[in-house]
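The values are calculated or read from the model by the stated rules, or taken from the named source; none is laboratory data. Note that the coordinates shown come from a computational prediction; the quantities given were computed from them, not determined experimentally. Reconstructed Cβ throughout: ideal geometry from the backbone, glycine too, with neighbour counts over all protein chains shown. Ligands, DNA and RNA are stripped out before the accessible areas are found, and what is left, the full protein with its side chains, is counted by its heavy atoms. Shrake-Rupley method; radii C 1.70, N 1.55, O 1.52, S 1.80 Å.
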Amino acid sequence: MPSGESFYITTPIFYVNDVPHIGHAYTEVAADVLARWHRQAGDDTWLLTGTDEHGQKILRTAVANGVEPKEWADRLVDSAWKPLLETIDIANDDFIRTTEARHEDAVAVFLQKLHDDGFIYSGEYEGYYCVGCEEYKQLDDLELTEVGDYAGQLVCRIHSRPVEILREKNYFFKMSEFQDALLDLYETQPDFVQPESVRNEIIQFVRQGLSDLSISRSSFDWGIKVPWDESHVVYVWFDALLNYATAVGYGADDERFARRWPAYHLVGKDIARFHAVIWPAMLMAAGLPVPHKVFGHGWLLVGGEKMSKSKLTGIAPQQITDTFGSDAFRYYFLRAITFGQDGSFSWEDLSARYQAELANGFGNLASRVVAMVDRYYDGVLPAPAEYADADLAVQATVAKAAADADAAIERFAINEAIAAIWTIVDELNGYVTAQEPWVLAKDEAQRARLGTVLYTASEGLRALAVLLAPIVPKATAKLWTALGAEDALGPLAEQRIREAGAWGALPAGSTVRALEALFPRIEEPATADSGAA
Ligand code: MSP
């Protein structure tokens with residue numbers, strides 16, 4: 001996209017019934033990398049995350065713990081969900097809670113509009129409901145268990161727990177009226193839902209026919225009151241989806257809303273239906289633009305199953321960051337898993353990649369190059385003399401990597417972007433080995449050549465620091481300072497990422513400073529008994 005445009009990206013808002021695990025952190029990190037990339041490209045970027053605090057699931061958890069639901073939500077937000085953002089180094093621009101007045105008031109505005117415009121009617125809902133999913137279920141979403149505690153009962157396929165039968169007076173949204181418009185949207189805007197596997201599933205689902213959606217509950221009161229009938233609260237998903245609009249000014253600040261909206265939504269594929277069917281139908285009914293994109297990423301699997309707290313396969317992000325650090329967490333999940341597909345987590349794989357790619361591949365390269373400038377040139381970056389073929393090959397790799405990475409980010413192909421950037425790491429390692437600057441240093445006649453080699457390697461590191469900053473912000477900040485780039489070029493965050501591939505930005509004469517190990521050796525990596533397969 002051309003620089004300067006609005007890039008508003010969201011994560012799902014997370015249920016506060018429990019603490020975060022690495023599946024939640026995975027979504028956060030992916031959204032943060034995309035946001036940091038666009039911010040560094042000069043786009044008008046906004047990253048929103050937050051918490052989903054209403055509904056039966058939270059109410060029941062609070063009751064089970066003997067506290068009021070709001071008190072429970074406050075506790076989890078302060079002790080777990082906000083600290084998560086620190087743990088994995090998320091630079092969000094806003095954090096919305098659905099219990100905030102700015103959200104509740106705007107939800108009422110939206111609902112009243114749909115009511116006034118004739119999209120809402122009252123009726124009787126009778127059917128199945130899964131409190132785990134907070135979702136009305138059809139028979140084909142369920143299975144009859146034959147063994148175990150729930151033998152003979154219909155259970156939700158996702159939670160493997162019995163569904164409940166609801167029979168209550170509800171308000172309904174005329175979602176069925178939007179079936180054709182939705183199919184048309186998927187057809188005319190093929191990248192509205194991505195990846196292709198999720199898009200196909202959504203199209204198939206909508207083609208089977210859409211029913212109207214119950215959007216209120218009357219059997220409990222933990223939620224936003226329906227403005228014209230206070231004996232109902234808004235259905236939690238209807239309330240939650242609206243966070244993406246209320247957080248950027250819907251119903252309160254039209255100018256702010258117009259500046260940010262529409263959004264790019266990053267969600268797990270399990271909740272793509274809510275985002276790619278219900279949400280655009282709601283927006284169409286309100287006469288608002290639909291989102292730019294809904295991207296449904298895959299699941300982190302542990303022992304072959306979707307990681308989940310309810311199935312006791314959850315791993316806390318801090319278990320990983322305590323040993324490996326937040327940069328390694330961010331790098332590992334986005335590099336090792338094809339974004340959009342499921343991926344298995346293992347401590348062995350994490351540890352092996354940390355050592356081979358981060359510590360040996362990138363970290364050592366940076367330390368060695370900086371140390372040689374220090375040793376052979378008293379820390380003052382030499383000017384390049386005439387470039388030879390090997391130097392030009394480095395320049396070509398840098399230019400291509402930068403262009404390929406930006407194109408991959410545009411498609412949300414984060415792992416491909418990292419792989420493209422890593423061609424620079426590999427090229428530079430091969431270059432330093434082949435050019436043998438330590439041999440050149442012994443021969444005064446090779447002084448000019450040594451200068452060219454060390455300039456080329458340092459300038460390659462400059463490009464790497466800029467391109468990797470969204471992924472490993474802490475390590476690249478250290479590298480930036482060590483290269484003397486902070487003084488010469490200004491803060492790393494202000495380096496235009498789409499210009500990172502242009503050769504020669506780092507000026508000769510910059511003062512290089514010693515670099516501590518970017519990814520220190522880990523003596524005893526965590527093992528399988530720390531909780532994962
Ligand atoms: N509150 C709803 C979302 C409302 S958005 C308007 C919800 N919350 S959740 O706490 O259950 O979090 C769901 C999200 O967490 C998933 O969409 C996904 O982004 C992430 N993940 C939860 N488990 C996951 C894995 N095992 N693997 C990858 N992501 C996972 O649903």
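So the values come out like this:
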{"quantity": "Yes/no for Ile90 being over 23 Å from Asn170 (Cα atoms), aliphatic (A, V, I, L, M) and assigned to a strand (DSSP E or B)", "calculated": "no"}
{"quantity": "Tabulated pairs, segment 171-195, first within 12 Å of Leu213 (Cβ to Cβ), second β-branched (Val, Ile, Thr) and in a loop (DSSP other than H, G, I, E, B), C-beta under 6 angstrom, 6+ apart or interchain", "calculated": "Tyr171/Ile215; Phe173/Ile215"}
{"quantity": "Residue in segment 242-260 that is at pLDDT 95 or above, open to solvent by 30 Å² or more (accessible area, probe 1.4 Å), more than 10 Å from the ligand (Cβ to nearest atom) and in contact with a helix residue (DSSP H, G or I) (Cβ under 8 Å, 6 or more places away or on another chain) present", "calculated": "yes"}
{"quantity": "Any pair with Cβ under 6 angstrom, 6 or more apart, that starts in segment 1-29 at a residue that is closer than 26 Å to Gly325 by Cβ and ends at one that is assigned to a loop (DSSP other than H, G, I, E, B) and charged (D, E, K, R)", "calculated": "Asp18/Lys309; His21/Lys309"}
{"quantity": "Residue within segment 334-341 that is open to solvent by 40 Å² or more (accessible area, probe 1.4 Å) and either part of a strand (DSSP E or B) or within 12 Å of the ligand (Cβ to nearest atom) (or both) present", "calculated": "yes"}
{"quantity": "Arg462 being part of a helix (DSSP H, G or I), open to solvent by 40 Å² or more (accessible area, probe 1.4 Å) and under 20 Å from Ala508 (Cβ atoms)", "calculated": "no"}
{"quantity": "Qualifying residue in segment 37-56 (condition: basic (Lys, Arg), closer than 17 Å to Ala263 by Cβ, open to solvent by 10 Å² or more (accessible area, probe 1.4 Å) and under 18 Å from the mean Cα position of the chain (by Cα))", "calculated": "yes"}
{"quantity": "Only listed residue being in contact (Cβ under 8 Å) with a residue 24 or more places away in the chain and of a type in the set (A, V, I, L, M), chosen from Leu381, Leu392", "calculated": "Leu381"}
{"quantity": "Residue check, Asp32 of a type in the set (Asp, Glu), within 14 Å of the ligand (Cβ to nearest atom) and surrounded by fewer than 22 Cβ atoms within 10 Å (Cβ to Cβ)", "calculated": "no"}
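Here is a yes/no grid of residues against (1) buried (at least 16 other Cβ atoms within 10 Å of the Cβ); (2) closer than 30 Å to Ala505 by Cα; (3) out of contact with any Phe, Trp or Tyr (no Cβ under 7 Å at 6 or more places or on another chain):
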site	(1), (2), (3)
Asp327	yes, yes, yes
Ala352	no, no, yes
Val369	yes, yes, yes
Gln395	yes, yes, no
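Conditions (1) more than 20 Å from Val277 (Cα to Cα); (2) open to solvent by less than 40 Å² (accessible area, probe 1.4 Å); (3) in contact (Cβ under 8 Å) with a residue 60 or more places away in the chain, marked per residue:
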| site | (1), (2), (3) |
| --- | --- |
| Tyr129 | no, yes, no |
| Gln138 | no, no, no |
| Asp149 | yes, no, no |
| Val163 | yes, yes, no |
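Yes/no per residue for (1) touching a Ser or Thr at 6+ places or on another chain (Cβ under 6 Å); (2) modelled with pLDDT of 95 or more:
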site	(1), (2)
Val466	no, yes
Lys478	no, yes
Arg498	no, yes
Gly504	no, yes
Gly509	no, yes
Val512	no, yes
Leu515	yes, no
Thr527	no, no
Gly531	no, no
